[in-house]
Number of protein chains: 2
Amino acid sequence: MPRMPLECPLPNEPDDRVLLAHGEGGGLMRRLLAEHILPRLGHDPSLPPDDAVVLPPINGLPVLTTDAFVVSPLFFPGGDIGSLAVYGTINDLAVRGAQPLWLTLSMVLEEGLPLSVLHRVLESMASAAKRCGVRIVAGDTKVVPRGSVDGLFLTTTGLGRLVDPAPTGSATIEIGDVLLVSGPVGRHGVAILVAREQMPFDPPPTSDCGPLWEATAALRTAGVRVRALRDATRGGVTAVLHEWARDCGHTLVIDEARVPVTPEVRGVCELLGFDPLAVANEGTMVAAVAAEDAEAALAALRRVPGHDAAAAIGEVRARKSIPVLKRALGREHPLVEPSGAPFPRIC
Amino acid sequence: MPRMPLECPLPNEPDDRVLLAHGEGGGLMRRLLAEHILPRLGHDPSLPPDDAVVLPPINGLPVLTTDAFVVSPLFFPGGDIGSLAVYGTINDLAVRGAQPLWLTLSMVLEEGLPLSVLHRVLESMASAAKRCGVRIVAGDTKVVPRGSVDGLFLTTTGLGRLVDPAPTGSATIEIGDVLLVSGPVGRHGVAILVAREQMPFDPPPTSDCGPLWEATAALRTAGVRVRALRDATRGGVTAVLHEWARDCGHTLVIDEARVPVTPEVRGVCELLGFDPLAVANEGTMVAAVAAEDAEAALAALRRVPGHDAAAAIGEVRARKSIPVLKRALGREHPLVEPSGAPFPRIC
């Protein structure tokens, strides 16, 4: 066996950046965890966590979800990749009828990333997690050479518990049901596009990046018969309606005039030719509820901070299983499913 | 509101590659899932899974772990990024004393990645998961523009159940305990290095990429009093010993002559000046067990396929909390903790 190698010499780098060796399981990785990561996530840095964490029993059926986040830019009006990764995963649990409990965090960092960027992202994650009462309990960090990843990618996995009554599912959507959105649509995608392309809109459009846990809990508490909930992320409201129409076999009719859109989003979309219904949201959901409960649902949603613009935007009709858009003068058109989104790397 | 956009025209690309639009939540993403991903993971493509999955109750405490995989090259002798991502996460659960039950999979794909590469990786994951009796139950796919990621990165998160008796933990390692490895060390790191640099070794060294679930179950069934188990990944056996020495406050003495090393790994390490003890493994673990149970532990491990070279390599002594290496002529040296690994992107 050869001689033991000496301590790897440090590359000739300022100490305020991520080094390749930070990702390789040695002393530098231990320091990255203890000095830069764990304290910002609320963990005791003297007790580095095991690779796997043992959790308390789950009161209810476990619900599991995962999401990768590759948004560019990392920071944008209304959020950043850290808050997006926390809320995005929490929202997937919430709309399935689950209370989010724990998150895991896997990070791929580009060599040379300023540690200050990592700090901001982690602090944002901690703050978002705290707001939702969840804890980041396990993680992993890899560092790849310059050029092998663009800055910083995250994956969060969420584990929660199913809370009764859960939505009965999009296959149970009935004729006469009412379709709601929990707020103005298209804010996230437009905010990212404007930030990335540095378009001179003043004020800059802000993302709706935020939690849906309170909103889903409010519907449950109000006793609303919820058929289906979905956070309208990639593909926007349009993608959700297409999926639900296929699942239930009915026609989902949206009244364009009733869809809430902020002036900022309307302005950018009119200028660039995008349809706000097909643009991503990151804190806004679509709900299908029993017609008799629609008013109670709107009232419950509007009491939740950030959801005061919740609106009924359409209803479910018997006919073929497609979404339909009612235009301003009352004419109805099929709502076209986009094959892809208008712009990449929005989440 | 502007006119609805028409279906996005397809980029001028052959249809055997990943497109940006495959990651954007529209019809193309639905087809990517239904035609390329779900069938290979054993899911009914006509039933695209929800973003979040409701699982059956967990019989025992839940155990959660996550890992990112950025290995280069994607395919190497003995494994690939897919099997690595499954076994890596399963092994983190197994060495914590948990039975792996479910996995989630998050993928970041580079625009232009051949779909055949994606197919091979997914088929390898399905095969590895089946071997361990686990199921990939939730996932997410993002596509980023050419140059924003190097090919394909994966994150797997594993959820399992704690099985009694679990290892009591590295802080409970006692003086007199025996240190074992479940097989020859350093195989994965050496295999990756040789494959990436296309070094002309014949036969090429193969990775130990494989599951540790059977091995950990065998120790439990044999009634071995296990203090601690750890898959010796980044940083190799050396990193594990350093962590355990800090945790228990004792001296962990390794006898170099008793450490199993394959001729292929020995040859590469002697040529390039690496220490096999500091090179990563991906299917080999270190165990600290009660001295009286060491023989039973070795016998149990050697009955598990792939672990017939399990060996006792050292023991625990009273003194300061460091690992020590006993060299061939009996002299003892402190085992130096590497600050980083000798080469990046091995997992």
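The values are calculated or read from the model by the stated rules, or taken from the named source; none is laboratory data. Only a predicted model underlies this, so the values are computations on that prediction, with no experimental measurement involved. All Cβ positions, glycine included, derive from the backbone under ideal geometry; neighbour counts span all protein chains shown. Accessible surface areas use protein heavy atoms only, side chains included; no ligands, DNA or RNA. Shrake-Rupley method; radii C 1.70, N 1.55, O 1.52, S 1.80 Å.
Estimated at the nearest 10 Å², the accessible area of A:Met199 is 50 Å² with a 1.4 Å probe. Each copy carries B:Leu271; placing its label point 7 Å along the C-beta direction from Cα gives inter-copy distances of 6.0 nm, listed from smallest up.
Within the shell defined by Cβ-Cβ distances under 12 Å, the residues around B:Glu282 carry a net charge of -3, with Lys and Arg each +1 and Asp and Glu each -1. Taking every DSSP beta bridge with both residues inside the protein assembly as shown, roughly what % is antiparallel (nearest 5)? Once the DSSP bridges in the protein assembly as shown are tallied, antiparallel ones form about 80 percent.
Placing unit charges on the Cβ atoms only, positive for Lys and Arg and negative for Asp and Glu, gives the protein assembly as shown a dipole magnitude near 660 debye about its Cα centre. Computed over protein heavy atoms with a 1.4 Å probe, the accessible surface of chain A works out to 37 Å² per residue. Relative contact order of chain B, taken over Cα pairs closer than 8 Å and 6 or more residues apart, is 21 percent. The C-alpha atoms of chain B define a longest principal axis, and helix B:236-248 lies at about 60 degrees to it. Using every pair of distinct Cα positions in the stretch B:79-211, the Kirkwood expression returns a hydrodynamic radius of 17.0 angstrom. Taken along its three principal axes, the alpha carbon spread of chain B comes to 79, 49, 37 Å, from the longest extent down to the shortest.
The loop-placed trypsin sites (Lys or Arg not before Pro) in the stretch B:107-202, going by DSSP, that have at most 14 neighbouring Cβ atoms within 10 Å of their Cβ come out as B:Arg146.
Taken about its Cα centre, chain B carries a charge dipole of roughly 520 debye when the Cβ of each Lys and Arg holds +1 and the Cβ of each Asp and Glu holds -1.
Here's the picture: charge each Lys and Arg Cβ at +1 and each Asp and Glu Cβ at -1 in the stretch B:116-157, and of B:Ser116, B:Leu152, B:Thr141 the one pushed furthest to the positive end of that dipole is B:Ser116. Backbone amide hydrogens, once placed in the peptide plane, bring B:Asp140 within less than 5 Å of B:Leu105, B:Ser106, B:Met107, excluding anything fewer than 5 places away on its chain.
Paramagnetic label reach from A:Ala318 (point 7 Å along Cα→Cβ; backbone nitrogen cut-off under 18 Å): within the stretch A:272-308, residues A:291. For peptide B:104-111, the mean count of partner chain Cβ atoms within 10 Å of a residue's Cβ comes to 4. In terms of Cα atoms, the Rg and Dmax of the stretch A:298-347 work out to 15.5, 37 Å.
In chain B, the longest principal axis of the Cα atoms and the axis of helix B:263-272 are about 90 degrees apart.
Bridge orientation summary for chain B: considering DSSP beta bridges with both residues in this region, about 75 percent are antiparallel.
Just the protein heavy atoms count here, and of the accessible area of the stretch B:170-334 at 1.4 Å, carbon and sulfur take up 52 percent. Rounded to the nearest 0.05, what FRET efficiency is calculated for B:Phe75 and B:Asp44 with R0 set to 30 Å and r the Cβ-Cβ distance? It comes out at approximately 0.60. In this structure A:Asp202 has an accessible area near 140 Å², from a 1.4 Å probe over the protein heavy atoms. Its DSSP H runs of at least 4 residues, each contributing -39,500 (n - 2.57), put the calculated 222 nm mean residue ellipticity of chain B at -7500 deg cm²/dmol, to the nearest 500.
Once all protein chains are placed together, B:Asp80 keeps about 20 Å² accessible to a 1.4 angstrom probe. Computed over the alpha-carbon atoms, the protein assembly as shown gives an Rg to Rh ratio of 1.00, Rh here being the Kirkwood radius from the mean inverse distance. Once both axes come from the Cα atoms, what is the angle between helix B:81-95 and the longest principal axis of chain B, in degrees from 0 to 90, rounded to 10? Result, in degrees: 50.
For the stretch B:170-334, averaging the sequence separation of C-alpha pairs within contact (under 8 Å, six or more residues apart) and dividing by the residue count gives a relative contact order of 43 percent. The equivalent ellipsoid of the stretch B:170-334 has semi-axes of 26, 19, 13 Å, largest first, where each one is the square root of 5 times an eigenvalue of the Cα gyration tensor. Once both labels are positioned 7 Å from their Cα atoms along Cα-to-Cβ, the gap between B:Glu292 and B:Arg331 label points is 3.9 nm. Inter-copy label distances for B:Ser116: 4.8 nm (label point placed 7 Å from Cα along Cα→Cβ; shortest first).
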